[in-house]
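K.L.:
This is the structure, below, for whatever I ask next.
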C-alpha cells in the first residue's frame with residue numbers, strides 16, 4: 001500500500017491552443033514555502049506572460065489544496081487544474097500553467113478545456129512515483145544454500161529488492177520488502193530452505209518506486 005503518488009522530478013510541457021501558448025510546469029513539493037519560491041521565480045522568468053495559473057496539493061492525506069486563476073475568469077483555470085491532480089490521485093505536487101495570449105478569446109468553456117488539457121498532457125509524459133514503506137530484512141545463510149536462495153528470489157511472486165550482499169564465512173543479504181509481503185515471503189523462504197537461515201527485521205524505510213497510472 002503506497003503512502004502517496006506524485007512525480008519524481010520537475011517537468012514542463014508546452015501546448016499551442018488557438019494561437020495561445022500554454023506552458024505547464026510540474027514540480028514535486030512538500031510545503032507551501034517551496035511552492036512560493038518556485039512561483040516567484042517563474043513570475044520573474046515569464047514577466048511578459050498574461051497569466052500564471054496554478055494548483056497544488058500537499059500532504060500524504062492531500063488535505064492542503066490551493067489554486068489560482070491569476071486574472072482568468074473565475075473558475076476557468078485553477079479549479080480545472082486542481083481537478084486533474086485530484087482525479088489522478090496525486091499529492092505533494094504543484095502545477096503551474098503560464099499563458100501567453102495569442103489574440104483569440106477561448107471563452108469560459110474553452111479556457112477550462114485548455115488549462116485542464118495542459119496539465120493532463122504534461123502528466124502523460126512525466127515519470128510518476130509511488131512512495132511506500134518497506135521492511136529492511138537481513139538474511140544470513142550458508143554458501144550451500146545460496147543457489148537455492150537466489151533461485152527463490154528470482155522466482156518470488158513478492159516484490160523484493162536486494163540492497164546489499166556480504167560474503168564472509170556465510171552469505172548475508174540485506175533485502176527490502178513491501179510491508180504486506182514480509183510474512184508470506186518469510187514463510188515461503190522457510191519452506192524453501194527448511195528454516196536453515198537467520199532472519200532479522202531491521203528498520204522500516206520509506207522509498208520511491210516507479211508507478212504506472214492505470215489511466216495512462
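The values are calculated or read from the model by the stated rules, or taken from the named source; none is laboratory data. The structure displayed is predicted, hence computed values, not measured ones. FYI the Cβ positions are ideal-geometry reconstructions off the backbone, even for glycines, and counts take in every protein chain you see.
K.L.:
Go through segment 20-34 and give me each residue that's surrounded by 19 or more Cβ atoms within 10 Å (Cβ to Cβ) and not in a strand (DSSP E or B).
P.N.:
29
K.L.:
Here's a follow-up. Based on what the data block shows, is residue 216 touching a strand residue (DSSP E or B) at 6+ places or on another chain (Cβ under 7 Å), modelled with pLDDT under 95 and not in a helix (DSSP H, G or I)?
P.N.:
no
K.L.:
Out of the residues in segment 122-145 that are within 28 Å of the chain's Cα centre (by Cα) and assigned to a loop (DSSP other than H, G, I, E, B), which is farthest from residue 177 (Cα to Cα)?
P.N.:
Among residues in segment 122-145 that are within 28 Å of the chain's Cα centre (by Cα) and assigned to a loop (DSSP other than H, G, I, E, B), the one farthest from residue 177 (Cα to Cα) is 126.
K.L.:
Would you mind finding the one in 195, 201 that is in a loop (DSSP other than H, G, I, E, B) and in the same structural domain as residue 158 (by TED's automatic domain parsing)?
P.N.:
Unique residue meeting the criteria: 195.
Residue-by-condition table, conditions (1) touching a helix residue (DSSP H, G or I) at 6+ places or on another chain (Cβ under 9 Å); (2) at pLDDT 95 or above; (3) surrounded by 12 or more Cβ atoms within 10 Å (Cβ to Cβ):
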position	(1), (2), (3)
133	yes, no, yes
140	no, yes, yes
146	no, yes, yes
149	yes, yes, yes
155	no, no, no
158	yes, no, yes
166	no, yes, no
173	yes, yes, yes
179	no, no, yes
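K.L.:
Could you tell me which residue of segment 93-116 is nearest to residue 8 (Cα to Cα), considering only residues that are in a loop (DSSP other than H, G, I, E, B) and in contact (Cβ under 8 Å) with a residue 60 or more places away in the chain?
P.N.:
Across segment 93-116, the extreme among qualifying residues is 101.
K.L.:
Quick test for you: out of 148, 176, 181, pick the one residue that is under 30 Å from residue 85 (Cβ atoms) and out of contact with any strand residue (DSSP E or B) (no Cβ under 6 Å at 6 or more places or on another chain).
P.N.:
181
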